[in-house]
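Asks: Dropping a structure here in structure tokens format, bear with me for questions.
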Amino acid sequence: MHIVFWIFFASAVVSAAMCILRRNPVSAAMWLVSTMFSLAGIFVIMDAPFLAAIQVLVYAGAVMVLFLFVIMLLNLDVTASDVRGSLSIGGAVAVTGLLIVELGALWVYTPDRLAQELLPAGATTFPGGIPADAMSGNIVLDVAKPLFDAYLIPFEATSVLLLAAVVGAVVLAKRRI
Amino acid sequence: MAPDLLGPTLALSGILFSIGVLGALLRRNAIILFMCVELMLNAVNLAFVVFARYYGFGGHVLVFFVMTVAAAEAAVGLAIMLALFRHNQTLDLQDINLLHG
């Protein structure tokens with residue numbers, strides 16, 4: 001299992017780097033799809049196979065096809081480089097290097113340390129947490145239960161958000177309403 | 001999942017987020033910038049999924065919400081791109097300076 005994880009790890013990082021370095025937006029989009037596939041593989045290793053399927057269907061399938069559709073519809077000129085000037089590059093690399101050092105420090109994190117930092121002394125399990133061996137075995141049921149129980153109001157709110165997004169997209173993209 | 005993968009997975013999440021930030025700062029193409037935002041959202045999703053192993057399935061539900069917001073954002077954002085391109089004939093962020101004064 002470990003070797004599979006490291007393969008997906010390397011694939012995700014390389015694909016993400018290629019995504020921001022390719023000049024052509026179409027190839028950048030294809031590399032982003034590759035990143036999303038790698039992340040779906042890591043989701044499976046992290047016991048979230050249902051989310052991995054949703055990741056491939058919604059992100060790699062629907063959202064990226066929408067991106068490709070718009071890129072090809074606009075037919076952008078990609079002969080000139082669109083990278084910013086050298087001053088901006090220096091600033092961007094400095095900011096990002098700092099961010100990578102800060103977030104990469106999470107590498108040394110272990111579950112024991114997580115429990116030590118977040119749990120009151122003496123407690124051995126996470127409050128409200130579901131240990132891996134308590135999963136029902138039905139991957140859809142595990143996610144659906146909290147979604148339609150504790151998170152019902154946010155779930156309904158997202159439906160309003162999607163409606164607003166549909167109306168907004170039509171209003172913005174249509175020439176004459 | 002072996003327990004010692006918590007740290008590397010969180011680090012991967014951070015690295016992908018940083019790459020997304022770098023791309024958003026580096027490129028002038030508005031569509032590439034949008035893809036970098038998607039990359040950052042994906043990185044955060046990975047952190048949610050790995051923490052869900054210790055905190056319960058609430059993390060998985062939040063990933064759903066992030067995906068919904070990302071889909072809505074992509075739909076509205078790309079509609080804005082279409083309107084911008086129709087108005088300016090370019091998606092270069094340096095040439096779009098209507099609010100520059």
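Asks: Considering each of A:ALA115, A:ALA52 in turn, give the residue that is assigned to a helix (DSSP H, G or I) and at pLDDT 90 or above.
Replies: A:ALA52
Asks: Any idea which of A:ALA16, A:ALA28, A:ALA12 is closer than 29 Å to A:ALA173 by Cα, at the interface with chain B (Cβ under 8 Å from one of its Cβ atoms), without any contact (Cβ under 8 Å) to a residue 60 or more places away in the chain and part of a helix (DSSP H, G or I)?
Replies: Going through A:ALA16, A:ALA28, A:ALA12 in turn, the sole match is A:ALA28.
Asks: To continue, here is another question. Would you point out the residue of region B:63-93, among those that are part of a helix (DSSP H, G or I) and of a type in the set (S, T, N, Q), that is nearest to A:ALA48 (Cα to Cα)?
Replies: Here the answer is B:THR68.
Asks: Let me ask another. What's the number of the condition B:TYR55 fails, among (1) touching a residue at least 60 places away in the same chain (Cβ under 8 Å); (2) facing chain A (nearest Cβ under 8 Å); (3) of a type outside the set (Asp, Glu)?
Replies: Evaluating B:TYR55 over (1) touching a residue at least 60 places away in the same chain (Cβ under 8 Å); (2) facing chain A (nearest Cβ under 8 Å); (3) of a type outside the set (Asp, Glu) leaves (1) as the failure.
Asks: Looking at region A:31-49 only, could you name the residues that are facing another protein chain (nearest Cβ under 7 Å) and either of a type in the set (A, V, I, L, M, F, W, C) or assigned to a helix (DSSP H, G or I) (or both)?
Replies: Within region A:31-49, A:LEU32, A:THR35, A:MET36, A:LEU39, A:ILE42, A:PHE43, A:ILE45, A:MET46, A:ALA48 qualify.
The values are calculated or read from the model by the stated rules, or taken from the named source; none is laboratory data. Everything numeric here is computed off the predicted structure, so don't read it as measured data. Every residue, glycine among them, receives a Cβ derived from its backbone with ideal geometry; neighbour counts consider all protein chains shown.
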